[in-house]
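Where a number appears in this text, it was derived from the coordinates with a stated rule and is not lab data. Everything numeric here is computed off the predicted structure, so don't read it as measured data. Cβ placement follows ideal geometry from the backbone for every residue including glycine, while neighbour counts extend to all protein chains displayed.
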Amino acid sequence: MEQLVTLDFETYYSSTYGLTKQTTEEYIRHPEFQVIGVAIKINDEEKTTFHTGTHQDIQTALDNIDWRVSGLVCHNTLFDGAILAWIFKITPAFYFDTLSIARALHGTNAGGSLKALAERYHLGKKGTEVLDAKGKRLEDFTPSELSAYGSYCINDVQITFDLFGIIAPKFPESEHQLIDITLRMFIQPQLRVDDALLIERLQEVRDEKALMLEGLMARLKCDTNEAVRKKLASNKQFAELLEELGVSCPMKESPTTGKQAPALAKTDEGFIALQQHDDPLIQELCAVRLGTKSTIEESRIERFIDIGSRNKGQLPIPLRYYGAHTGRWAGSEKVNFQNLPSRDAKKKALKKSIIPPDGQIVINCDSSQIEARVLVWLAGQEDVTKWFAEGRDAYCELASKVYGRTITKADPLERFVGKTCTLGLGFGTGWRKLQHTLKTSPRNMAFSDDGCKGLVKVYRELNYRVINFWEECDRALEHMANWPSELEPYYIGENECVMITPEGVKLPNGLYIYYPDLHYDTSEDRGGYVYKSRRGKINIWGGAMTENIVQAVARIVIGEQMISINERYRPALTVHDAIICLAPEHEKEAAMDFVFPFYTLGKSAYLDGNTIEYYEESVWMNELLYRNFSGLYETVLECLSVELGKEVCLTQDLALPGFHIFPTDEKFINIAGKWHTDYPHKTLGLGNIGASAFTVAIELPSCGGGMDYIDTRGNIVHLLYKEKDLVLHSGLTPHRISGLTEYCPCEYRITLQGHVVKRNNNMEVFW
């Protein structure tokens with residue numbers, strides 16, 4: 001990008017129309033929407049301009065900027081970027097957002113308003129002139145009022161610009177990219193809404209509810225369906241109804257008041273028992289209560305239809321970057337794409353209504369069981385890690401230990417128990433909670449007290465290193481709450497990618513998990529550590545902290561995958577562990593090849609380039625790599641020195657050679673990688689020097705692996721790798737990864753990659 005454009009729109013709002021009443025999308029698409037003016041600052045130019053007037057006046061001012069080479073900086077770019085794109089048909093080269101950066105840097109509980117951040121960084125005082133603009137359209141402003149409004153807007157832009165200059169350099173380059181990708185899901189939507197399918201499903205929902213209610217009108221002595229619905233939906237009236245029928249209402253202790261209250265929530269064990277009552281009428285009442293009480297499916301369908309109608313069938317995806325303190329994305333704008341129904345066949349209509357445009361296909365890239373994988377990897381539970389590496393079903397493996405016999409996917413109930421234990425017990429869940437989870441699940445799995453204690457015992461004996469990791473986290477909480485003066489920050493876990501510091505848990509990408517006001521609380525019956533959040537006081541212990549760390553690391557992995565996919569196919573949506581992107585129908589095979597599961601260990605010039613992230617993260621990554629693979633590096637240096645006839649050494653200031661890791665997949669038989677050449681010296685600004693590339697095959701699938709290159713005559717030559725052999729070639733020769741000749745399930749292609757360059761009078765290797 002050649003320039004940064006800091007921008008802030010001021011728009012009409014009133015007591016009934018504004019962002020406190022409508023979502024961003026509703027607000028901008030509303031007929032009452034009007035831009036009052038816009039303040040613009042180009043780079044660090046002293047003069048910031050305010051433009052007002054007609055739509056065309058503002059359009060002209062915006063069109064004077066070369067947006068093809070401009071990065072846009074706003075505070076809440078979701079809002080300003082959408083106005084720029086939807087109203088003025090302008091999309092910049094890149095989206096930055098100081099609000100998103102601040103959330104990630106300071107924690108989601110810290111104040112993220114421009115006013116709060118201006119105070120935090122001593123950037124001057126945010127104005128209050130906007131308070132006088134409520135209910136005023138452009139034509140209602142006097143010249144002096146408009147001038148004051150312009151000054152207010154200019155001040156906001158200056159604060160935003162100064163704020164960006166402070167916090168952006170501290171922010172990982174990869175996270176800037178993820179903010180841009182996330183914002184484009186909303187501002188430049190790719191997915192569409194199948195409104196015909198939704199309209200049909202909406203009518204079905206309403207008909208089903210009406211039918212259920214009509215069947216009970218006479219029996220409950222009600223005159224209308226609505227009277228039946230109210231009687232069943234009200235806890236008080238439903239309890240009274242049960243008493244009239246001679247059935248005691250199940251009770252529970254209220255967590256807020258400590259008093260007894262009706263246990264009529266769908267997950268309450270007492271209500272679940274009612275659904276299995278001997279009296280068919282009681283069963284019917286419970287079923288109709290569940291079927292009619294909630295209006296969430298109706299309201300969601302109606303919202304999707306409305307969004308589609310306002311956006312010509314397009315579906316803007318409003319995701320909150322860093323929505324949780326672990327960094328995960330969250331739903332926002334009253335549309336939670338992280339929580340759409342998926343189990344009930346009828347309720348899947350919402351998911352099915354999200355479709356690609358004509359001529360496009362949807363590619364769903366899902367990181368299978370990523371949290372379970374990350375947990376055992378962090379803890380160093382190598383035997384369980386091996387299950388995943390070998391492609392074995394971890395849920396079946398655990399279930400086999402539980403039941404003392406081989407469990408396969410053909411044993412769904414037993415596998416379900418293994419899955420529930422794997423996902424729950426890994427973070428310290430006790431036997432009582434496990435018992436409740438199994439009992440209240442759709443499968444209604446009832447275990448005795450001793451049975452559940454046995455499940456916990458089996459899991460903990462098998463995953464003893466996971467238990468050790470909880471204990472490490474318990475000690476870390478103690479240190480973070482009262483940091484010993486002599487203690488230096490230290491790593492936890494076997495892989496040393498997570499660091500404990502006085503500030504919080506430092507993640508591999510340089511960001512933190514924060515626990516504000518962490519302290520030991522003795523106000524409860526049993527003392528424990530707590531921290532402050534916007535929801536109030538949150539309990540935290542080793543198992544819960546483990547879950548936080550696992551979710552955060554998994555999110556980093558997913559983010560890296562998203563960036564890699566974005567090189568060719570812009571992600572349209574992310575849901576938990578899945579990344580959804582679109583590709584032209586005619587590129588199906590090539591697209592599947594591109595999004596093939598591919599991982600790297602180390603920092604590489606071709607992925608990270610000449611970025612702050614490359615140089616800063618190479619430091620700790622090099623330490624990690626050399627600590628674990630020093631013997632391999634020394635052997636490679638010896639081989640290269642013999643091949644080149646000169647002594648070769650490791651780089652001192654760039655990234656060490658790293659690893660390509662490719663799982664095999666039957667979709668990629670006979671599909672090779674893309675042709676490319678290597679220019680790492682240019683990417684890193686090392687001058688016009690040639691570079692030799694080398695590959696060491698660490699592990700190959702049984703069907704083999706290799707590379708294709710084009711010789712001096714233009715012929716394609718296939719080179720077959722042998723494990724532990726080093727291959728040296730010119731990186732300037734077009735080359736590619738050879739495709740699989742056959743499907744090799746549960747096998748991997750792992751290679752060490754690097755380059756040799758003459759630099760500083762030495763022959764150095766780097767990646």
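Tabulated values for the structure
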{"quantity": "Principal semi-axes in Å for segment 196-297 [√(5λ), Cα gyration tensor, largest first]", "calculated": "25, 17, 12"}
{"quantity": "Between segment 475-535 and segment 92-153, the alpha-carbon center distance in angstrom", "calculated": "33 Å"}
{"quantity": "Percentage relative contact order, the chain, counting C-alpha pairs under 8 Å, at least six apart", "calculated": "9 percent"}
{"quantity": "Overall Cα dimensions of segment 336-444 - principal axes, largest extent first, Å", "calculated": "50, 32, 27"}
{"quantity": "Relative contact order computed over segment 238-318 (Cα-Cα under 8 Å; 6+ residues apart), in percent", "calculated": "13 percent"}
{"quantity": "Around residue 696: net Lys/Arg minus Asp/Glu count, Cβ-Cβ under 13 Å", "calculated": "-3"}
{"quantity": "Mean Cβ count within 10 Å, highest first, over the residues of peptides 51-63, 564-576", "calculated": "564-576, 51-63"}
{"quantity": "Share of pairwise Cα separations in segment 519-559, more than 17 Å, in percent", "calculated": "45 percent"}
{"quantity": "Fewest-first sequence of 304, 416, 50 by Cβ atoms within 10 Å of each Cβ", "calculated": "416, 50, 304"}
{"quantity": "Cα-centred dipole magnitude for the chain, charges only on beta-carbon of K, R (+1) and D, E (-1), debye, nearest 20", "calculated": "1700 debye"}
{"quantity": "Long-range amide H partners of residue 575 with built H, under 5 Å", "calculated": "580"}
{"quantity": "Three-way shape label, segment 351-508, alpha-carbon gyration tensor, a/c 1.5", "calculated": "oblate"}
{"quantity": "Once the Cα gyration tensor of segment 3-171 is diagonalised, semi-axes √(5λ) in Å", "calculated": "23, 19, 17"}
{"quantity": "MRE, 222 nm, helices only [DSSP H, n ≥ 4, -39500 (n - 2.57), over the chain, to nearest 500]", "calculated": "-13000 deg cm²/dmol"}
{"quantity": "Equivalent-ellipsoid semi-axes of segment 213-364, from the Cα gyration tensor, Å, largest first", "calculated": "38, 21, 14"}
{"quantity": "Highest average packing first - 188-195, 705-712, Cβ atoms within 10 Å", "calculated": "188-195, 705-712"}
{"quantity": "Sequence-separation-based contact order of segment 406-539, relative, with Cα cut under 8 Å and 6+ spacing, percent", "calculated": "11 percent"}
{"quantity": "Label selected from [x] 0.99; [y] 1.01; [z] 1.16, the criterion being Rg/Rh (Cα atoms, Kirkwood Rh) as computed here", "calculated": "[x]"}
{"quantity": "Whole-Å distance, taken between Cα centres, linking segment 293-362 and segment 422-449", "calculated": "30 Å"}
{"quantity": "Alpha-carbon spread of segment 461-606, three principal axes, descending order, Å", "calculated": "64, 33, 32"}
{"quantity": "Cα centroid separation, segment 614-641 to segment 207-266 (Å)", "calculated": "67 Å"}
{"quantity": "Mean Cβ count within 10 Å, highest first, over the residues of peptides 754-767, 550-563", "calculated": "550-563, 754-767"}
{"quantity": "Cleavage-rule hits, GluC sites (Glu not before Pro), segment 21-57, DSSP coil, Cβ neighbours within 10 Å at most 14", "calculated": "32, 45, 46"}
